[in-house]
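Participant: Before I ask anything, here is the structure I am working with.
All of the numbers you see were taken from the coordinates with simple rules; none came from a lab. Source: prediction; values computed, not measured. Every residue, glycine among them, receives a Cβ derived from its backbone with ideal geometry; neighbour counts consider all protein chains shown.
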Amino acid sequence: MATIAAYTSPSLGHVLPFAGVLLELQRRGHRIRLRTLASEVGRMRGLGFDADAVDPTVSAVEFDDWRARRMLDAYRRMCEIFCERGRREGPDLRSLIDASQPDLVLTDVNTWGAAAVAEGCGLPWVSLATYPPAMRSHGCPPYGPGLPPATGPAGRARDAIITRTIYDPAMRTTTPMLNAMRADVAGLPPIADYDAMVRRAPLTLVTTAEPLEYRHDDWAPDLQLVGPTTWEPPAAPPTWLAEIEGPIVLVATATDYQGDTDIVRTALLALADEPVTVVATMAHGARLGIPVPPNARIERFVPHSQLLVRASVAITHGGLGVTQQALSHGVPVVAVPYGRDQLEVAARVQHAGAGLRLPRSRLTPERLRHAVRRASGMRAGVAAVAAGLAAAGGAPRAADLIEEQLALQSARGGR
């Protein structure tokens with residue numbers, strides 16, 4: 001069997017989708033050598049992986065793009081962060097490769113420096129995208145603002161304007177930084193833009209599926225939708241959960257703080273008089289500044305699946321992991337995106353008829369309460385999305401495709 005060297009972004013929202021794939025590969029007899037978020041190393045070792053923390057200087061680069069006021073500024077800051085981390089990731093992955101002599105390298109789509117080393121090392125290489133990557137795609141709106149698909153002359157004109165005023169300037173600003181990092185880390189030649197970087201991987205697995213994700217006729221064969229792959233840590237249900245009567249509304253914020261405390265604060269105010277129990281998970285433990293009403297609880301961590309089996313609606317920040325988990329449980333979503341890929345995820349939820357998008361600028365208790373009431377009736381769209389996510393195959397399908405890459409290498413005479 002093969003040795004897989006896996007390298008994740010130091011974020012829980014990226015570690016858990018990797019864990020699902022790696023567990024399936026391990027079940028098939030492959031050995032896993034992993035570098036990941038320091039706080040998760042013990043848990044990953046408990047799963048049987050040979051796990052260590054990523055270089056601490058990678059995590060030390062603060063992900064503060066949420067402070068940007070303009071979308072172009074946020075793009076630029078994200079690129080600076082990924083490149084700054086990348087200069088540390090590259091040597092870190094190289095040391096893992098030297099120590100483990102793997103048969104295949106699996107990298108995170110957010111680890112640009114690790115991707116550069118993987119590209120240059122000559123080994124089979126697969127990238128895992130835990131959100132829809134920011135790529136151009138024929139017939140789809142420009143990535144970033146969270147626009148719905150549009151057709152006809154008006155739609156094409158809108159997309160052309162957004163491409164010219166947002167997407168293209170972002171690429172012109174960030175591509176020189178990307179190329180400088182790739183040259184410094186791995187001596188690689190320049191590439192055209194971010195799209196070209198993603199497509200340098202022989203295979204990228206995207207952890208979502210139609211009909212939540214838009215149709216991409218120009219992605220295959222090097223980008224494949226595999227559906228959700230997230231593994232959830234086992235935990236005993238909290239004693240208070242059995243005492244709750246009636247439906248639950250789950251409120252989930254980002255695992256890495258990005259200023260999204262307002263979602264929880266507004267949800268508490270919006271639903272204080274509704275016949276539901278609000279359970280908000282806030283991994284970062286931010287302070288709310290208001291009293292918690294009698295029908296609400298704030299928790300740092302509860303396995304979301306334990307709440308979703310009782311939930312009528314989930315209010316999320318638009319992160320793909322928790323949003324898809326809710327939809328897979330048949331729970332409609334109200335997404336309040338704060339940036340990054342969340343604007344795109346929220347747009348996809350609304351386009352699929354599986355919930356509603358409430359822009360951050362319009363977040364008020366009255367509007368959120370109205371959105372929750374409307375979303376609760378959108379069961380047909382949720383059922384269609386849940387069926388599509390299940391049919392995509394998840395971690396077993398991802399493992400199949402990774403093993404195909406290993407077989408191709410073996411057929412070429414590789415080790």
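Participant: Would you mind checking which residues have amide H under 5 Å from Val313's amide H? H placed 1.01 Å from N; only 5 or more apart, or other chain.
Facilitator: Close amide H contacts, sequence-distant or interchain: Leu250.
Participant: Evaluate Rg over Rh across the chain, taking Cα atoms for both radii and Kirkwood's formula for Rh.
Facilitator: Numbers: Rg = 21.0 Å, Rh = 21.9 Å.
Result for the chain is an Rg/Rh of 0.96.
Participant: If you don't mind, there's one more thing I want to ask. Below 8 Å between Cα atoms, with a sequence gap of 6+, how large is the relative contact order for the stretch 340-415 in percent? Before the final figure, lay out each step's value.
Facilitator: Values: 32 pairs, mean separation 19.6, N = 76.
Reported as a whole number, the value is 26 percent.
Participant: Quick one: P(r) of the stretch 155-288 from all Cα-Cα pairs, 5 Å bins, percents rounded to integers, in order of increasing distance.
Facilitator: Reading the bins upward from 0: 2, 7, 9, 10, 12, 15, 14, 11, 8, 6, 4, 1, 0.
Participant: Also, quick follow-up: Enumerate the calculated ³J(HN,Hα) couplings along the stretch 126-140 in order (Karplus 6.51 cos²θ - 1.76 cosθ + 1.60, θ = phi - 60°), each rounded to whole Hz, writing x wherever the residue is Gly or Pro.
Facilitator: 10, 10, 10, 9, 8, 7, x, x, 7, 10, 5, 7, 4, x, 10
Participant: Continuing with this model, one more query. Among 81-91, 352-362, what's the highest-first ranking by average C-beta atoms within 10 angstrom per residue? Walk me through the numbers on the way to the answer.
Facilitator: Details: 81-91: 22.3, 352-362: 19.4.
Per-residue mean Cβ counts within 10 Å order the peptides as 81-91, 352-362.
Participant: I would also like to ask the following. Compute, for the chain, the length of the dipole vector about the Cα centre, with Cβ point charges of +1 (Lys, Arg) and -1 (Asp, Glu) only. Units Debye, rounded to 20.
Facilitator: 680
Participant: Separate question: Mind listing which trypsin sites (Lys or Arg not before Pro) in the stretch 240-310 are in a DSSP loop and have 11 or fewer other Cβ atoms within 10 Å? Write out the running numbers ahead of the final one.
Facilitator: Numbers: sites: Arg265, Arg287, Arg297, Arg300, Arg310; in loops: Arg287, Arg300, Arg310.
Counting only loop positions with at most 11 other Cβ atoms within 10 Å, the trypsin sites (Lys or Arg not before Pro) in the stretch 240-310 are Arg287, Arg300.
Participant: Give the shape of the stretch 239-390 as rounded, prolate or oblate, defined through the alpha-carbon gyration tensor: a ≥ b ≥ c are the square roots of its eigenvalues, a/c under 1.5 means rounded, and otherwise the shape is prolate if a/b is larger than b/c and oblate if not.
Facilitator: On the way: a/c = 1.41, a/b = 1.19, b/c = 1.19.
Cα axes put the stretch 239-390 in the rounded bin.
Participant: Rank the residues Phe63, Phe49 as a footprinting-exposure proxy: fewest other Cβ atoms within 10 Å of their Cβ go first. Could the numbers behind the result be given before it?
Facilitator: Values: Phe63 20, Phe49 23.
Going from least to most buried by this count: Phe63, Phe49.
Participant: While we're on this one: Counting only residues 5 or more places away or on other chains, whose amide H sits under 5 Å from the amide H of Arg31 once H atoms are built in the peptide plane?
Facilitator: Ala2, Thr3, Ile4
Participant: Another question, if that's okay. How would you order 202-212, 228-238, 24-34 from highest to lowest mean count of nearby Cβ atoms within 10 Å? Walk me through the intermediate numbers first.
Facilitator: Values: 202-212: 22.7, 228-238: 15.6, 24-34: 18.7.
So the peptides 202-212, 228-238, 24-34, ranked by packing, come out 202-212, 24-34, 228-238.
Participant: Starting with the highest mean, order 241-250, 389-398, 314-323, 64-73 by the number of other Cβ atoms within 10 Å, averaged over the residues of each peptide.
Facilitator: On the way: 241-250: 15.4, 389-398: 20.2, 314-323: 27.5, 64-73: 13.7.
Taking the mean over residues of other Cβ atoms within 10 Å, the ranking is 314-323, 389-398, 241-250, 64-73.
Participant: Measuring from the lowest to the highest alpha carbon on each principal axis, how far does the stretch 1-86 reach, largest first, in angstroms?
Facilitator: Principal extents (Cα only, largest first): 47, 21, 18 Å.
Participant: To the nearest Å, what is the center-to-center distance of the stretch 342-411 and the stretch 143-170, using C-alpha atoms only?
Facilitator: Going from one Cα centre to the other spans 22 Å.
Participant: Got the relative contact order for the stretch 239-390 handy, in percent, Cα pairs under 8 Å and 6 or more residues apart?
Facilitator: Details: 297 pairs, mean separation 33.6, N = 152.
Relative contact order comes out at 22 percent.
Participant: How many nm is it between the label spots at Ile298 and Glu80, if each spot is 7 Å from the Cα in line with the beta carbon?
Facilitator: 3.1
Participant: Residue by residue through the stretch 243-254, what is 3J(HN,Hα) from phi via Karplus (6.51 cos²θ - 1.76 cosθ + 1.60, θ = phi - 60°)? Round to whole Hz and write x for glycine and proline.
Facilitator: Each residue of the stretch 243-254 in turn: 7, 6, 9, x, x, 10, 10, 7, 10, 10, 9, 5 Hz.
Participant: Please report, in cubic angstrom per residue, the volume enclosed by the convex hull of the alpha-carbon atoms of the stretch 314-415.
Facilitator: Numbers: hull volume 10.6 nm³, N = 102.
Looking at the stretch 314-415, the number lands at 104 Å³ per residue.
Participant: Let me ask something else. Place a +1 charge on the Cβ of each Lys and Arg in the stretch 3-79 and a -1 charge on the Cβ of each Asp and Glu, then give the dipole magnitude about the Cα centre in debye, rounded to the nearest 20.
Facilitator: On the way: 12 positive and 9 negative charges, 38 e Å.
In total the dipole reaches around 180 debye.
Participant: Something else now. Using a 7 Å offset from the Cα along the Cα-to-Cβ direction at both Arg215 and Ile290, what is the distance between the two label points in nm, to one decimal?
Facilitator: 4.3
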